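Okay, structure first, notes after.
Throughout, read-outs are computed from the coordinates displayed, never taken from laboratory work. Keep in mind that this is a model prediction, so the values were computed, not measured. Cβ placement follows ideal geometry from the backbone for every residue including glycine, while neighbour counts extend to all protein chains displayed.
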Amino acid sequence: MLFPVRDDVASWDFSWSSTGFGLFRRWLARAEVFALAEMNWFGAKRQWCRVTTTLERVLNHADIDGPT
């Protein structure tokens, strides 16, 4: 869900369920040509330092944590 922060329409934020956020991150990872399932934290051993993406802060993030 996309919504303005503190009613400021120039500053938008979003809110998703844990499941929705996880699906969104898997989609982003595919767009960056790798699978989250290959990565450390997601059941595999591939380290994040071996992936070049500006989206690392979004992708390398637990589904239920707050902002990093």
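Side notes on the structure shown:
- Potential lengthening of the chain between W16 and W48 amounts to 9.1 nm, from the contour at 0.36 nm per residue minus the alpha-carbon distance.
- Kirkwood hydrodynamic radius of region 17-68, Cα pairs, Å: 11.2
- Note on R57 and F34: the model spin-label points, each 7 Å out from Cα along the C-beta direction, lie 1.8 nm apart.
- Per-peptide average of other Cβ atoms within 10 Å, ordering 28-35, 41-48 highest first: 28-35, 41-48
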